[in-house]
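The next block holds one structure in the form of structure tokens; read it before the comments.
The values are calculated or read from the model by the stated rules, or taken from the named source; none is laboratory data. From a predicted model like this one, the values you see are computed outputs, not experimental measurements. Methodologically, a virtual Cβ is constructed for each residue, glycine included, from the backbone with ideal geometry; neighbour enumeration extends over all protein chains shown.
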Amino acid sequence: MQSAHDKKLEKLDPFYRRSLSKQKTSAEIISEARNALRTVRTQRPFTPREDQRKLFGPASSRTADNRPPSSFSLHASSFESSDSRPISGTRLSPLELKPKVLASLSKEDEASISFPKPPVDPVKIRRVSSARARLFKASSQGNLLPDKIFHLDESKKKLKSEDIIITGDSSIKINGICLTELNSIGHFNSHNPQLTYDGDLNENNEQAILKGKLSSTAAHLRSGSDLMKRRARASSCPVSTTKNSLELNKEVQRNLEEIETEPETEEEEAFWSAKILPVLHDLEKEDNIENFCAACTQLHQALEEGSMLGKRFKKRNILLKTLYKLVDVGSDLLSLKLAKIILALKVSGKNLLNVCKLIFKISRSEKNDSLIQNDSILDSLLEVLRVEDLQTNNEAFLYCMGAIKFISGNPRFLNEMINKGAVEILLHLMKQINENMRITGTCFSNSGHLLVQLTATIRNLVDLPSARCKLLSNSALPELCGVMEQYANDKDVCTNVARILSKLSSYHDCCAALADYSRCYALFLSLINQYEKKQDLVVRIVFILGNLTAKNNQAREQFAKEKGCIKTLLSLFSTYYEMDLNSMKRMVEEEEKNKKHKQPSEVEDVLIKVIRVLANISIHPTIGAALAANQQVVALLVTTLEYKSIDECEELVINATATINNLSFYQVKNSIIQDRKLRIAELLLKLLMSSNMDGILEAVRVFGNLSQYDEICDFIVQKNVYKFMIALLDAKHQDVCFSACGVLLNLTVDKDKRVILKEGGGIKKLVDCLRDFGPTDWQLACLVCKTLWNYSENVPNPSSCFGDEDTNALLVLLSSFLDEELALDYSFDRDLRDYHKLYWETEFKPVAQQLLKRIQSHHTFLEPLPIPSF
């Protein structure tokens, strides 16, 4: 006798109703979500490898006249003599002081000022010169000029700290006096910008230097123009960054480098004579490249052994002069060895630029990669970026970074670069550039060009997991977005960063970190609007947005809430839709024949990725419902299915169908999907008749949602679509069977349509699906049981409607599947076992129990049934 609960269940009619009034359980929502809401995947945009190594590739937006050259010639004469001039025993006399009185001073003011006079005693000159050497002995190279300079106190005639102003005629304003030569008051070490004088400014002014107080504050060399920009103030002396002031700075730097040279000890002299000098003699008389290279290797080892690398080595300039001459030999192998020694000797200015250019030139040829690897020149290049001043040496940094970019293009170097700290060095450099832009509001010379090389290098590095880990730990993603934001007008920089982020966002941890940076959404939309027709940039930005919205519901919501979000996506789609139509009109007959096998065009790729973003954000309930009611969104999806066949562009058609599938899940009152459901059903027939299984599956999924409407059920029967669904039960493809069974379940809600299951062996195929997929897919098993329940409703004898063979099979399968020990595979790991048990208990078991009781109540076994094995 049946219990009250069983009798109540018998009166429930079909398991699956189309009514929206009944609140769904969580299990029903999960089950329906499998059939309706899905993210869409796509391939990352492909970047072809450049045939030639250049600072800027053929796709660069830079014209030939506004970018540094990638090709140039270098000779020994290219290097400046300041680094290679041997130090003589005679010191130069100080320049004569020739102050200029400003026109604005009155005659009384002029009369009250006494000007310092240079000493004329050669003994004093030598004494002061040696004193200068001692004074600067402990200091290291830093700012070219101090932040403070000194003015004349009219009452005490003493120098006091005052801001400096560099004027157009190489003069320097000091409290209303323009000095024509900086050397007149001594040399200043920029590591110690607070150097002060307490002595009188008179004929013994050099003696006053000895009384100065040297404070140790680290700083790098800064150009006169940079100092002027930051420290200059209003003055009657016009502020300028002309060539004269720059030449003045260079002269001061050259004199400073000579002064910094320490006296040579007897041990150093002996080491030079024994180890260095013989090698230099060999280099001057060798004419064989192999011997040259061996001598350079020996020289580098000897210098390292004698601690003579760097700037402190007294005979450094003699050595550099010899090395520069050998550049004219023209051997790449020799040039690399020369460059390594020259960089180790810490050259600066034009010589640093030229040696970086030399390495850049050699690295342009892939055949030299092995030479670069063997000589470890990478260490020297990274050291330049690490220790040299960016703004002073920005052009040298550009070619240094260019060489590193070429090296990173060879996968053999990537691990070495990461192990040597390249990621951290590059990020620090990028932060310096960003910080300068944030503080000053302007970019310094070559910063955009430099960022192109830097970001291209990072793009090559991110393929390695260790590099991605370092980028994450150093908060690189917000910094990269900052580069795009501050250099939004530089299309090359933005494209490179987009390439980096498109790679990184393909990985879950990096994607999550980028999604958490809330400013990225508005940034990406702004760039899409700015570069709408620049396919190589927008396709990557839209790909990134597709990754961000694929698995993160918060990202979907944040992106969709940005002002103009949907409008921007629709505008982008419309632009590329028109471009695609025009390209189709120009298609030749031969291309028409090969369309089936071609990859998506660049235009189609943008359309694919725009639709993917719409599909992904539609998973959010609020956004999905709004999109389903958006006339323009639905129109573009329908238009895509109308004008493009799956043979022309498979991914575009499938993505559009998947998006319609997501939107059809929302049965909102003003849904445009509902209004156009019959037109959509007609378009889906083309997919069902294709040979593309992915396209067929997407079409069946949409029918699974649309078949909840009576008009679509009638359409399915009239157009014989149900026969496709029954045939698909034989597909042996779990998802295809699941979707097809869902359509059949909806059809059997109407008792007049249940008879269709008798056609094409529908009942037997449902039983076979239950047998084949039940133990691994309890959701599918539940759908089969619900369909059979609907089919057997109000039938006096369910056994007669199933047939004896199918009835016996059902009795055995249901009895076995309802035995927890037999049904659940406990060999799975805990998470997977819990997942299966959840669906077995909440979805399959309640339905299967009632179906089994219904069959058993009207069926007598004729013979024992075998227990199936799974």
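Looking across segment 818-853 at every residue that is aliphatic (A, V, I, L, M) and exposed (fewer than 15 other Cβ atoms within 10 Å of the Cβ), the one that is modelled with the lowest pLDDT is identified as 832.
Going by what's in this entry, would residue 390 be described as assigned to a helix (DSSP H, G or I), in contact with a helix residue (DSSP H, G or I) (Cβ under 6 Å, 6 or more places away or on another chain) and in contact (Cβ under 8 Å) with a residue 24 or more places away in the chain? It is false that residue 390 is assigned to a helix (DSSP H, G or I), in contact with a helix residue (DSSP H, G or I) (Cβ under 6 Å, 6 or more places away or on another chain) and in contact (Cβ under 8 Å) with a residue 24 or more places away in the chain. Within segment 377-387, being surrounded by 19 or more Cβ atoms within 10 Å (Cβ to Cβ) and acidic (Asp, Glu) holds for no residue. Taking helices (runs of 4 or more DSSP H) as the structural unit, those lying wholly within segment 528-640 and holding at least 1 residues that are within 20 Å of the chain's Cα centre (by Cα) and modelled with pLDDT of 95 or more correspond to 535-551, 553-561, 602-617. Quick check, is residue 506 more than 10 Å from the chain's Cα centre (by Cα), hydroxyl-bearing (Ser, Thr, Tyr) and over 28 Å from residue 419 (Cβ atoms)? Here the answer is no, as residue 506 does not meet what is asked. Cβ separations smaller than 8 Å between residues 6+ apart or across chains give the following pairs from segment 550-568 residues that are at positive phi and surrounded by fewer than 20 Cβ atoms within 10 Å (Cβ to Cβ) to residues that are of a type outside the set (Val, Ile, Thr) and in a helix (DSSP H, G or I): 564/525; 564/529. Annotation note: Cβ proximity below 7 Å between a residue of segment 396-415 that is in contact (Cβ under 8 Å) with a residue 12 or more places away in the chain and farther than 18 Å from residue 376 by Cβ and a residue that is among the aromatic types (Phe, Trp, Tyr) and crowded, with 24+ Cβ neighbours inside 10 Å (sequence gap 6+ or interchain) occurs for 399/360; 402/360.
Taking residue 432, is it outside the structural domain of residue 545 (by TED's automatic domain parsing) and in contact with a Cys (Cβ under 9 Å, 6 or more places away or on another chain)? For residue 432, the condition - outside the structural domain of residue 545 (by TED's automatic domain parsing) and in contact with a Cys (Cβ under 9 Å, 6 or more places away or on another chain) - is not met.
Kindly establish whether residue 749 is assigned by TED's automatic domain parsing to the domain that holds residue 853, surrounded by 17 or more Cβ atoms within 10 Å (Cβ to Cβ) and not in a helix (DSSP H, G or I). Answer is yes for this residue.
Report yes if residue 458 is part of a helix (DSSP H, G or I) and out of contact with any helix residue (DSSP H, G or I) (no Cβ under 9 Å at 6 or more places or on another chain), otherwise no. So residue 458 does not fit the description; no. Pairs meeting the criteria (first residue in segment 602-628 and on the phi > 0 side of the Ramachandran plot, second residue buried (at least 24 other Cβ atoms within 10 Å of the Cβ), beta carbons under 8 Å, at least 6 apart or on different chains) are lacking. The single condition among (1) of a type in the set (A, V, I, L, M, F, W, C); (2) under 15 Å from residue 453 (Cα atoms); (3) buried (at least 19 other Cβ atoms within 10 Å of the Cβ) that residue 429 does not meet is (3). Of the residues making up segment 346-387, those that are touching a Lys or Arg at 6+ places or on another chain (Cβ under 6 Å) and not in a helix (DSSP H, G or I) are 346, 364.
Out of 275, 311, one residue alone is touching a helix residue (DSSP H, G or I) at 6+ places or on another chain (Cβ under 7 Å), at pLDDT below 90, part of a loop (DSSP other than H, G, I, E, B) and not hydrophobic (A, V, I, L, M, F, W, C). It is 311. Residue 865 falls short of the stated requirement of being more than 51 Å from the chain's Cα centre (by Cα), at pLDDT 80 or above and within 21 Å of residue 766 (Cα to Cα).
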